Structures are given as structure tokens and as C-alpha cells.
């Protein structure tokens, strides 16, 4: 876990439960970082090869919501070491994640590689744009040979990331 992820995730309630469960000492001596993480070549390669991820948002009423996002490998683009972007294609037209982001810009992305038993969690702040407002970015996010209408563009400012333990990830059957 990065020190920035630790700073965000380790609330007083989390620390209390860790104490109850007898594992608080695992995190002693770690100093939470105040500044945002930056992606290394390892994270960038992993992100660029994903063809889907899960996006978590929280509604203005406090309820979590998670949605699958998919596309061709690399549709989640790395703009730089602290910025990601993706085109949102027309789907079921519920716009729950989009609505949630208008009142709470905090999001979590969950990227999986079942075959290699790896997962990457990303905490970020999201902004959404209409393609007409971000024409240049919309052109960059077009996925060749994927005939889908881009309805929105999401730009994510990285706060923190965490590589998770592979202990309970099972590769799909062959």
C-alpha cells in the first residue's frame, strides 16, 4: 500500500477495527503521505493493457455505486503520471455514476487481471465533460474500429493507488 493510499484509507474507524482484529501493528511506523501518488512504468503498463475496470462513486445520499466500464485494451488512457482519461460510450442511459460525480468527485477504479492474479486500486478525483467542450481530448479518446457514440469524457486526477494481494484471485478456467 502506498503511503498516500494509507493516508486516505486509514480512518479512525479503520484503525479501531484493525486494533480489534489484532493487526494494528502491521501499519505502525508508516507515515501517511500528504501529496498525491504518481504512476510508475509498472502501473502505466498495467492500465494500458486493461479492457475493462470497475468504477465506484458515491451518491449525494451517501450510497455507493459501482459500474463496469469496458472497451478495447487501452481505452483507459494514461495522460501523464497523475492523470487518466476515458471516453464514456452510450450505454443504458442511467447516468448514475455521472450524476454522482457532479456532487462528489471522489472515485475508485478497480482494475483486474485474473490470469496473472493482479489487481490495482486507484483513488482519484473525476471531472466529466461533454465531447463538444473537450474536442481535442475527445479526438484522442476515440477507439479505432469501435463504432460507439462518445457521450462524455472523464478526466481523473490521481490521488493514490494500491496493488492488492493476489491471495484470493483465481484465474478463469481454461
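Restricting the first member to segment 162-173 and to residues that are in contact (Cβ under 8 Å) with a residue 40 or more places away in the chain, and the second to residues that are in a loop (DSSP other than H, G, I, E, B), the beta-carbon pairs closer than 6 Å and six or more apart or on different chains are 162/1; 166/117; 169/117; 171/114; 171/115; 172/114. Going residue by residue through segment 133-141, is there one that turns out to be in the same structural domain as residue 153 (by TED's automatic domain parsing), in contact with a helix residue (DSSP H, G or I) (Cβ under 8 Å, 6 or more places away or on another chain), touching a residue at least 24 places away in the same chain (Cβ under 8 Å) and not in a strand (DSSP E or B)? The answer is yes; a qualifying residue exists.
Within segment 52-72, if we keep just the residues that are within 17 Å of residue 122 (Cβ to Cβ) and at pLDDT below 90, the residue that is surrounded by the fewest Cβ atoms within 10 Å (Cβ to Cβ) turns out to be 70.
Yes/no matrix, rows are residues, columns are (1) surrounded by 18 or more Cβ atoms within 10 Å (Cβ to Cβ); (2) in a loop (DSSP other than H, G, I, E, B); (3) on the phi > 0 side of the Ramachandran plot; (4) outside the structural domain of residue 46 (by TED's automatic domain parsing):
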{"residue": "125", "(1), (2), (3), (4)": "no, no, no, no"}
{"residue": "128", "(1), (2), (3), (4)": "yes, no, no, no"}
{"residue": "147", "(1), (2), (3), (4)": "no, yes, no, no"}
{"residue": "155", "(1), (2), (3), (4)": "yes, no, no, no"}
{"residue": "172", "(1), (2), (3), (4)": "no, yes, no, yes"}
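The values are calculated or read from the model by the stated rules, or taken from the named source; none is laboratory data. As the structure is a prediction and not an experimental result, all values here were calculated from the model. Cβ atoms come from the backbone with ideal geometry, glycine included; neighbour counts cover every protein chain shown.
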